[in-house]
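So the structure is just underneath, and the comments pick up after that.
The values are calculated or read from the model by the stated rules, or taken from the named source; none is laboratory data. All values reported here derive from a predicted model rather than from experimental measurement. Cβ placement follows ideal geometry from the backbone for every residue including glycine, while neighbour counts extend to all protein chains displayed. Areas reflect the complete protein model, heavy atoms only, side chains present, ligands, DNA and RNA absent. Shrake-Rupley method; radii C 1.70, N 1.55, O 1.52, S 1.80 Å.
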Amino acid sequence: MQKFYQHSSIQLLSCALAMLAPIKGARGCACGCDIFDVGTSSMFPNHPGAMVFVDYDFQDQNQNWSGTSTAPASHNNDKEIKTHFTDFGLQYLFNASWGVQLEVPYDFRTFTTKTDSGKIVTDRWNQFGDVRIEGLYTGFSADLSAGVDLGLKLPTGDYKFDSKVVDRDTQLGTGSTDILMGGFYRHRVSRRAKLYWFAQTELDLPVLTQEHYRPGLELDSAVGMYYSGWNVGRVKVSPVAQVIISERTSDGGGASAHPIASGFQRVLMSPGLEVDVHPLKFYADVEVPVYQNFVGNQIAAPVLIKATVAYEF
């Protein structure tokens, strides 16, 4: 659930500075990892009780982008960021109105870049990331079709791994404490056709930072539809189609930030499939960018992949 908007004048100035900056030593990597927290309609709370889940997400950032198009790889010293994100989570609704959700990430990253001396180096590491804990309110209607969340992202992930090579915006931990807030809504389009639509949004707002680095604000939103009329015995299969809109402002705070090579807007089309064999749920989708606008030179992924397995109690 997550993004905010920069003033257009700031964006134009940032782009101009990025074009004037020397190519030698230029670095920039787009992440937008919070985008994986929206668009999973199967994870919306729907009844009191507990659900545990494992969420796996993958992106291979290997294309250099500047503005709305690809750019020569020579314009960016960063060459590839390949990341496997794994989240272990618990969602618990005490009743039809109140609940909590906890997510503990463990991530694997491979980062290839060119140093200022011209040497290509590759770092590989894995670690626990930034824990997310949120309170949920779903008491707007009896069917729990709408809800809001408010919580924190804690600076539990390391942000100092091989800091001579790995920039702050490439670390698995941000070092910041963030306020998380968002909401969701789902509604039946047609009772006869068993067609539903849903929407979700989540804002990630850094409020407490460390060592003069402030990650950008991120707002991610999704809107989509799913069909719940396919059943094979006790197996329910629901195809999903959605659009995910994502925006992140540029980083700031000091010398470790790269405001002229961070921040973006992105729109993704995402077909997916949910399989429900109560008490198990499985969800998977692919997310393909159809529009990207990056500040400066950043490396982006041509496709993002998501899969979730959940067990309801």
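Quick notes on this one:
- Check on D149, open to solvent by less than 30 Å² (accessible area, probe 1.4 Å) and not aliphatic (A, V, I, L, M): yes
- Matching option when the condition is of a type in the set (F, W, Y) and either out of contact with any strand residue (DSSP E or B) (no Cβ under 6 Å at 6 or more places or on another chain) or without any contact (Cβ under 8 Å) to a residue 24 or more places away in the chain (or both), among W197, W230: W230
- Among the residues of segment 263-296, just one is open to solvent by 20 Å² or more (accessible area, probe 1.4 Å), out of contact with any Asp or Glu (no Cβ under 6 Å at 6 or more places or on another chain) and not in a strand (DSSP E or B), namely H278.
- In segment 162-171, the condition of being loosely packed, with under 15 Cβ neighbours inside 10 Å and over 21 Å from I299 (Cβ atoms) is met by no residue.
- Search result, residues across segment 176-188 that are open to solvent by less than 80 Å² (accessible area, probe 1.4 Å) and hydroxyl-bearing (S, T, Y): S176, T177
- Yes/no for S8 being of a type in the set (S, T, N, Q), surrounded by fewer than 18 Cβ atoms within 10 Å (Cβ to Cβ) and modelled with pLDDT of 75 or more: no
- Among residues that are under 17 Å from N76 (Cα atoms), within 19 Å of the chain's Cα centre (by Cα) and either of a type in the set (V, I, T) or open to solvent by 40 Å² or more (accessible area, probe 1.4 Å) (or both), I299 is included.
- Selection of segment 302-313 for residues being hydrophobic (A, V, I, L, M, F, W, C) and either under 14 Å from the mean Cα position of the chain (by Cα) or open to solvent by less than 10 Å² (accessible area, probe 1.4 Å) (or both) yields V303, L304, I305, A307, A310.
- Test for L136: is it open to solvent by 30 Å² or more (accessible area, probe 1.4 Å) and either part of a strand (DSSP E or B) or among the hydroxyl-bearing types (S, T, Y) (or both): no
- When segment 89-130 is filtered for residues that are touching an Asp or Glu at 6+ places or on another chain (Cβ under 6 Å) and of a type in the set (D, E, K, R), the ones remaining, listed by number, are E103, D123.
- Strands (runs of 3 or more DSSP E) fully within segment 202-254 that include at least 1 residues being of a type in the set (F, W, Y), open to solvent by 10 Å² or more (accessible area, probe 1.4 Å) and modelled with pLDDT under 95: 218-227, 230-232.
- Qualifying residue in segment 100-120 (condition: touching a residue at least 40 places away in the same chain (Cβ under 8 Å), out of contact with any strand residue (DSSP E or B) (no Cβ under 8 Å at 6 or more places or on another chain), open to solvent by 40 Å² or more (accessible area, probe 1.4 Å) and not in a helix (DSSP H, G or I)): yes
- For S262, the stated conditions do not hold, so it cannot be described as modelled with pLDDT under 95 and in contact with a His (Cβ under 8 Å, 6 or more places away or on another chain).
- Members of segment 189-201 found to be surrounded by 14 or more Cβ atoms within 10 Å (Cβ to Cβ) and not β-branched (V, I, T), listed by number: K194, L195, Y196, W197, F198, A199, Q200
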